[in-house]
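Here is the structure we will look at, set down as C-alpha cells.
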Amino acid sequence: MSADSDMEYSDNDGDEYDYYGEIDDCDMETVDQSKTDPEYFLFSCLRVEEVEKLLNESIELLSNNLQITPSLAKVILHAYEWNAQEIINRYKENANEVLIFSRVKPCVPTAPGTSTRTHCAVCANMPPLQSFSALTCGHSFCNDCWSMHFEVQIMQGVSNTIQCMAQECEVRAPEDFVLSHVTKPSLRERYQQFMFKDHVKSHPQLRFCPGPNCQWIFRAWVRQGPRRVECKGCELLTCFSCGAPHHAPTDCATIRLWLTKCADDSETVNYISANTKDCPKCQICIEKNGGCNHMQCGSCRHDFCWVCLGDWKCHGSEYYECSRYKEDPNLASDSQHAQAREALKKYLHYYERWENHARSLKLEEQTLASLKSRINQKVMAGEGTWIDWQYLWDSAKLLKRCRYTLQYTYPFAYYMDNGPRKELFEYQQAQLEAEIENLSWKVERAETTDRGDLENQMDIAEKRRTTLLKDFLDIHINNASSSKI
Amino acid sequence: MANIAAKRIKREIIEVVKGEEGVLKLELVNNAWTDLLGEIAGPPDTPYEGGLFKLEIKIPETYPFNPPKVRFITKVWHPNVSSVTGAICLDILKDQWAAALTLRTVLLSIQALLASAEPNDPQDAVVARQYIENEPLFELTARHWTNVYANGPTVVWEFNQKVQTLLEMGVDEHNARVALSTYNWDVEGATEQIFS
Ligand SMILES: [Zn+2]
Ligand SMILES: [Zn+2]
Ligand SMILES: [Zn+2]
Ligand SMILES: [Zn+2]
Ligand SMILES: [Zn+2]
Ligand SMILES: [Zn+2]
C-alpha cells in the first residue's frame, strides 16, 4: 500500500497525526494512520528559525567540504536545488564545471584587461581606481554603480539571481559581494528576506504555507502526486507537490487545468487583458511590459507565454496553435456551435457542484462555531459533559473532511474518460454525497448524548470516503519511482 | 531624474552623434532627459531599405539599471514588431538588459532585428504567419509599409489601388491597410472583416 513506502523516511514524532485539527486529548489508542488513511503523508511543519537552521547546515557542510565561503556555497546550492552531496561529488570530478553551472564563474573567461580602465561604463564617471570592483568575470564597475544596481534589483524582489552589469554576462553576485555594496539597513534586511524566500522556493523538500500572512513552512521528502499537508498555524490543507489547495483524488496537473479553466471562464476578458500575471514557475507577480507575449520572469528566469502561461520552449512552432485556439469560436460552424454548447453544459454541471461544496465548506466553519456554543450551553445546563458531546464535535469535523474530498472529486470526474471506471467513480461519489447529506441532517438535529446512531453514520461516511480515495488516488503507483531527496 | 541617468544620456547622445554609422539619430524631446526620439535607417537588402524609422524612447527613473522603454512610432510590418502599437520583442529590452548597455547598442540591435526577423518568437502573430506561409508577399507588404510610412522608395501600385478601393467605401486609410495586409491583400476578405 502506498503509505508503507513513505515510512522508511519516518521519524514518527506523532505530530503529523493531527491532520484535520481533531481535538488532541488522545487517550484512545493511536491508530496507525499510514494503514487506514489513504491520504497519509509524512511531513513536518516548521518555523522560520528551524528552516534557517536546516539551510545553514547544508551551507556549512558545503563550505567546509569545498573550502569556499558560505556566500558561494549559497549560490551553488541554489543552482543545484540544495543537493549538497551531489555538488560535492561533482565538484571532486570537475570543480570548474560546477562553478560555471552555478554561474559563480563565467563560461568563457573574460579577456584580461583589454583597456586600462579609467571610467566606469555604467555611470561614465572617472572615480579613483580603488573604488572599482568586479565579480569573478573581471567586469569592473565603480562601487556607486554596484550599489545602485543592487538597490534596484532588491527593490524588484531579485536576490539570489542578481547578475553582473556587463552585457551578456550571467555571473551571479554572491551575498557577501552584494552586502559589501549595500549599506542601508532596510535594504539589507529586504535582501536577506528575499534570499530566504528564494532558498525555500528552490529547495525541493520545503514549501511555504500559502495561507495569507502565514509563516509556517512544510518539509517533506516526496514531491509527486497529491500530497496532503496541514498547516499548524492556519490549518489550511495544501498539496505539498504543487502548492495548490490539497486536491485528492484529482492529480496535480489536472487540478491546475481545472483551476485555470475556472478562472478563465469566469472572467475571460478580464483575465486576458490583465496587466499582471504570476510566473507559472515561481508564482512571483510579473507586469506585462509592452505588447510582447514572450515573457521572462525576472526572478527565476523562466520563459513563458503570456497568453496560455505555457512554457515558451514549446512555442516556437506551436505559437499558432496557441493563438488560433482563441480565434476559433468565431469560425465555428453550426455543429461546432452545438459541440461548444454541449461542452459548456458539461463544464457547468461539474462546476456548479464543485462551487457548491466550496460554499458549503465555508458555511461549515460557521456551523462548527455554532455547534461549539450549542455544546457549551448544554454542558452549562448540566446536560452531560464535553466528553459526552465530543462525538458531535467529531462528526462535524468528519463532515467537513468528507465535503472537502467531495469537492475535489468533481474536477477529477470532469476530466475522466467515459467508461466503466468513470461509472464506478461517479457511483461512489453519489454514495458519499448521499451519506454526508444524511450525516449533516443528523448533526444539526442531535439533541441527546445518545451517540450510537450518529457514530454508525459517521463510520459509513468515512468508509465511503476512504474507499473512494483508495480506489482512485493514484499516488502508490508513483511512489516507487518518486525520488528520495 | 537621477543624476546618473542624466549624465549617461548626455554621453550617449554624443556617442551616437559622433558615431560614423550615419544611420542612427538620437535626440531629446524635452529638457528632462526622460523622453528621447531615436531614428534608424532601414538596413540595406531588406524590405526596409531606404526607409527612416522613428522610435519613442522613455527613460525610467532607475536608468541605466533598468532598460529604457522603446517602441516604433513609424508603422512597421515585421514579425517582431506590433503592427498596432509598435511594441518590440527584443531580449535586451527585457531581461537581457545590462546596465553597461547603451542606447546606441539598443538602436543598432533594433536595426539588426529589422534585418533578421525571428518569426518563431513573434510580437505580431499575424505578420509572423504571413512571413512563414508566404514570404514573398510578406516582403512586398513590408516594402509597401516602408514606402507609405517611412518614405521608402518602392511604390507598390497594386496595393495602393486596393487601399484606395477601401477608402472609397469610407474606411480609414490605416485600418484599410492593416486589414488588407492581414488578409494577404484579398479585398473581399478585408472588407468582410472591416464591416462584420
Ligand atoms: Zn559607475
Ligand atoms: Zn561580468
Ligand atoms: Zn499556514
Ligand atoms: Zn498537487
Ligand atoms: Zn519566475
Ligand atoms: Zn501560448
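The values are calculated or read from the model by the stated rules, or taken from the named source; none is laboratory data. As the structure is a prediction and not an experimental result, all values here were calculated from the model. Note that we place each Cβ from the backbone using ideal geometry, even for glycine, and neighbour counts take in every protein chain shown. The protein model used for the area step is the full one, side chains on, heavy atoms only, and it has no ligands, DNA or RNA in it. Shrake-Rupley method; radii C 1.70, N 1.55, O 1.52, S 1.80 Å.
Yes or no: B:ILE92 open to solvent by 60 Å² or more (accessible area, probe 1.4 Å), part of a helix (DSSP H, G or I) and within 12 Å of another protein chain (Cβ to nearest Cβ)? Please lay out each step first, then the result.
Details: open to solvent by 60 Å² or more (accessible area, probe 1.4 Å): no; part of a helix (DSSP H, G or I): yes; within 12 Å of another protein chain (Cβ to nearest Cβ): yes.
No; evaluated as a whole, the condition is false for this residue.
State all residues of the range A:249-259 that are away from ligand 6 (no atom under 16 Å from the Cβ) and open to solvent by 20 Å² or more (accessible area, probe 1.4 Å); if no residue qualifies, say none.
A:ASP251, A:CYS252, A:ALA253, A:THR254, A:LEU259
Test of understanding: among B:LEU107, B:LEU140, B:LEU103, which residue is touching a helix residue (DSSP H, G or I) at 6+ places or on another chain (Cβ under 8 Å), within 14 Å of chain A (Cβ to nearest Cβ) and farther than 26 Å from A:GLY310 by Cβ?
Among B:LEU107, B:LEU140, B:LEU103, only B:LEU103 is touching a helix residue (DSSP H, G or I) at 6+ places or on another chain (Cβ under 8 Å), within 14 Å of chain A (Cβ to nearest Cβ) and farther than 26 Å from A:GLY310 by Cβ.
Just checking, does the range A:460-471 include any residue being modelled with pLDDT under 80, farther than 30 Å from A:TRP221 by Cα, surrounded by 16 or more Cβ atoms within 10 Å (Cβ to Cβ) and out of contact with any His (no Cβ under 7 Å at 6 or more places or on another chain)? Don't jump to the end; show me each part of the working.
In the first step, residues of the range A:460-471 are kept if they are modelled with pLDDT under 80; the result is none.
No: the range A:460-471 contains no residue that is modelled with pLDDT under 80, farther than 30 Å from A:TRP221 by Cα, surrounded by 16 or more Cβ atoms within 10 Å (Cβ to Cβ) and out of contact with any His (no Cβ under 7 Å at 6 or more places or on another chain).
In the range A:137-157, how many are over 15 Å from B:TYR63 (Cβ atoms), crowded, with 18+ Cβ neighbours inside 10 Å and modelled with pLDDT of 95 or more?
Within the range A:137-157, residues that are over 15 Å from B:TYR63 (Cβ atoms), crowded, with 18+ Cβ neighbours inside 10 Å and modelled with pLDDT of 95 or more number 3.
Do we have any residue at all in the range A:192-213 that's within 14 Å of chain B (Cβ to nearest Cβ), polar (S, T, N, Q) and open to solvent by 20 Å² or more (accessible area, probe 1.4 Å)?
Checked against the condition, which is being within 14 Å of chain B (Cβ to nearest Cβ), polar (S, T, N, Q) and open to solvent by 20 Å² or more (accessible area, probe 1.4 Å), the range A:192-213 yields no hits at all.
Which is away from ligand 6 (no atom under 16 Å from the Cβ) and either at pLDDT 70 or above or under 24 Å from the mean Cα position of the chain (by Cα) (or both), of A:HIS302, A:HIS246? Talk me through it step by step, then tell me what you get.
Values: A:HIS302 fails: away from ligand 6 (no atom under 16 Å from the Cβ).
None of the other options fit; the residue is A:HIS246.
Look through A:LEU368, A:LEU348 and report the one residue that is without any contact (Cβ under 8 Å) to a residue 60 or more places away in the chain and either open to solvent by 20 Å² or more (accessible area, probe 1.4 Å) or closer than 19 Å to A:LYS261 by Cβ (or both).
On the way: A:LEU368 fails: either open to solvent by 20 Å² or more (accessible area, probe 1.4 Å) or closer than 19 Å to A:LYS261 by Cβ (or both).
Of the residues listed, the single one that is without any contact (Cβ under 8 Å) to a residue 60 or more places away in the chain and either open to solvent by 20 Å² or more (accessible area, probe 1.4 Å) or closer than 19 Å to A:LYS261 by Cβ (or both) is A:LEU348.
Which one of these does B:VAL84 not meet: (1) buried (at least 17 other Cβ atoms within 10 Å of the Cβ); (2) at pLDDT below 90?
Only one criterion in (1) buried (at least 17 other Cβ atoms within 10 Å of the Cβ); (2) at pLDDT below 90 is unmet by B:VAL84, namely (1).
Look at B:PRO79 and say whether it is open to solvent by less than 10 Å² (accessible area, probe 1.4 Å) and either of a type in the set (Asp, Glu) or touching a Pro at 6+ places or on another chain (Cβ under 7 Å) (or both).
yes
Does the range A:144-180 hold any residues that are more than 13 Å from chain B (Cβ to nearest Cβ) and more than 33 Å from the chain's Cα centre (by Cα), and which are they? Steps first, answer last, please.
The first filter runs over the range A:144-180 and keeps only residues more than 13 Å from chain B (Cβ to nearest Cβ), leaving A:157, A:159-160, A:172, A:174-180.
Once the filter is applied, which keeps residues that are more than 13 Å from chain B (Cβ to nearest Cβ) and more than 33 Å from the chain's Cα centre (by Cα), the range A:144-180 yields only A:SER180.
Taking B:VAL17 as meeting all but one of (1) under 20 Å from B:LEU93 (Cβ atoms); (2) aliphatic (A, V, I, L, M); (3) without any contact (Cβ under 8 Å) to a residue 60 or more places away in the chain, write down the number of the exception.
(1)
With respect to A:GLU447, determine if the residue is closer than 24 Å to A:TYR408 by Cβ and either assigned to a helix (DSSP H, G or I) or at pLDDT below 75 (or both).
No, not satisfied.
Do any strands (runs of 3 or more DSSP E) entirely within the range B:4-78 hold 2 or more residues that are away from chain A (no Cβ under 12 Å) and within 13 Å of B:LEU114 (Cα to Cα), and if so, which?
B:35-41, B:52-58
Consider A:THR118 carefully, then state whether it is touching a Ser or Thr at 6+ places or on another chain (Cβ under 8 Å), open to solvent by 30 Å² or more (accessible area, probe 1.4 Å), more than 10 Å from every other protein chain (Cβ to nearest Cβ) and away from ligand 3 (no atom under 16 Å from the Cβ). First the steps, then the outcome.
Details: touching a Ser or Thr at 6+ places or on another chain (Cβ under 8 Å): no; open to solvent by 30 Å² or more (accessible area, probe 1.4 Å): yes; more than 10 Å from every other protein chain (Cβ to nearest Cβ): yes; away from ligand 3 (no atom under 16 Å from the Cβ): yes.
In short, no.
Only residues that are surrounded by 15 or more Cβ atoms within 10 Å (Cβ to Cβ) and outside any helix (DSSP H, G or I): list them for the range A:77-98, please.
A:TYR80, A:TRP82, A:ASN83 - these are the residues of the range A:77-98 that are surrounded by 15 or more Cβ atoms within 10 Å (Cβ to Cβ) and outside any helix (DSSP H, G or I).
Can you find even one residue in the range A:187-207 that is within 16 Å of ligand 1 (Cβ to nearest atom), modelled with pLDDT of 95 or more and closer than 27 Å to A:ILE286 by Cβ?
Looking for residues that are within 16 Å of ligand 1 (Cβ to nearest atom), modelled with pLDDT of 95 or more and closer than 27 Å to A:ILE286 by Cβ, one finds none in the range A:187-207, hence no.
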